[in-house]
Amino acid sequence: MVQILVGGVTPGKGGSKHLNLPVFNTVSEAVDLVNADTSLIFVPPAFAADAIMEAADAGIKVIICITEGIPTKDMIVVKNYIDDKQCTLVGPNCPGIITPEEAKCGIMPGFVFKKGRIGIVSKSGTLTYEAADQVVKAGMGVSTAIGIGGDPIIGTTTKDAVKLLMNDNETDGIIMIGEIGGQLEADAAKWVKEFGNKPMVGFIAGKTAPAGRTMGHAGAIVGGKDDTADAKISILRECGISVAESPAEIGSLMAKLMNV
């Protein structure tokens, strides 16, 4: 159902350039023959759920799904299927993960990210890049950025990602970017209030979105009074997270908290 490209062919000037690396027809072949442990999924929405489950079946430890537009009912099946598997799913509909100067699994513009000690968790790919650019220009840099995706059902939640960064010895501060719809940011904030030990900046997108209308991401729809931007901002502040009123303030607010 899905090919893992461990090597293969890459475009070059005047034709194709061979990397002299193997290409496998199945995920299990890649795991068995070269101990592959990460799968980056780009297949079309109709086939993405099967690709995720195939990767989980084969023993892949980290599955990053970039694909946008996977039907919600398919992701319900996927979530139930991988519950007892020893794997971590990031996405779908996400830009991936990057640790600058070490590894990138995704589609983010790598040149924006410079090594540092600020972690980023975001539902929005574009705002991930914007926050990283601001952090770098403020002289701090990025430890790891995790784009969790904006669909209603995703693998790694905001709280999951925040916990990873909170426990990461190479991360000194965290930026959490959310949006209207769902409870992911509130769940993360409540965990931070109880267990957090690092400075955090939050931003909630969609403050001017009309109630009941999906804005950009499938999960960005206000379904109740606690789903609004104002409600989420209040929860974040009550839990000790500094909130940027504008995306343009994310980097400067983080720098202020870090005394840079």
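Would you mind stating whether A161 is in a helix (DSSP H, G or I) and among the aliphatic types (A, V, I, L, M)? Considered against the rule, which asks whether it is in a helix (DSSP H, G or I) and among the aliphatic types (A, V, I, L, M), A161 comes out as yes. Residues in region 167-183 that are out of contact with any Gly (no Cβ under 6 Å at 6 or more places or on another chain), buried (at least 19 other Cβ atoms within 10 Å of the Cβ) and either within 17 Å of T72 (Cβ to Cβ) or hydrophobic (A, V, I, L, M, F, W, C) (or both): I175, I177.
Taking each residue of region 72-94 that is in contact (Cβ under 8 Å) with a residue 12 or more places away in the chain and looking for partners that are crowded, with 16+ Cβ neighbours inside 10 Å and among the acidic types (D, E) with beta-carbon atoms closer than 6 Å, six or more apart or interchain, yields P92/D151; N93/E68; N93/D151. Filter region 113-142 down to residues that are part of a helix (DSSP H, G or I) and either hydroxyl-bearing (S, T, Y) or buried (at least 19 other Cβ atoms within 10 Å of the Cβ) (or both), then give me how many there are. So the count comes out to 11. Being over 15 Å from G202 (Cβ atoms), over 11 Å from the mean Cα position of the chain (by Cα) and at pLDDT 95 or above is a property that M108 lacks. The conditions of being in contact with a strand residue (DSSP E or B) (Cβ under 9 Å, 6 or more places away or on another chain), not aliphatic (A, V, I, L, M) and not assigned by TED's automatic domain parsing to the domain that holds E179 are not met by K123. Taking I64 as the residue in question, decide whether it is under 20 Å from K123 (Cα atoms), in contact with a helix residue (DSSP H, G or I) (Cβ under 7 Å, 6 or more places away or on another chain) and outside the structural domain of I148 (by TED's automatic domain parsing). When the stated conditions are applied, I64 does not pass them. For D74, indicate whether it is acidic (D, E), out of contact with any helix residue (DSSP H, G or I) (no Cβ under 9 Å at 6 or more places or on another chain), farther than 21 Å from S246 by Cβ and not assigned by TED's automatic domain parsing to the domain that holds E185. Taking the combined requirement at face value, the residue does not satisfy it. Looking at A49, is it in a helix (DSSP H, G or I) and either surrounded by fewer than 16 Cβ atoms within 10 Å (Cβ to Cβ) or not assigned by TED's automatic domain parsing to the domain that holds N169 (or both)? Yes.
Out of the residues in region 95-112 that are touching a residue at least 24 places away in the same chain (Cβ under 8 Å) and part of a loop (DSSP other than H, G, I, E, B), state the one that is farthest from P199 (Cα to Cα). Among residues in region 95-112 that are touching a residue at least 24 places away in the same chain (Cβ under 8 Å) and part of a loop (DSSP other than H, G, I, E, B), the one farthest from P199 (Cα to Cα) is I107.
The values are calculated or read from the model by the stated rules, or taken from the named source; none is laboratory data. Just so you know, these numbers come straight off a predicted model, no measurement behind them. Note that each Cβ is placed from the backbone with ideal geometry, even for glycine, and that neighbours are counted across all protein chains shown.
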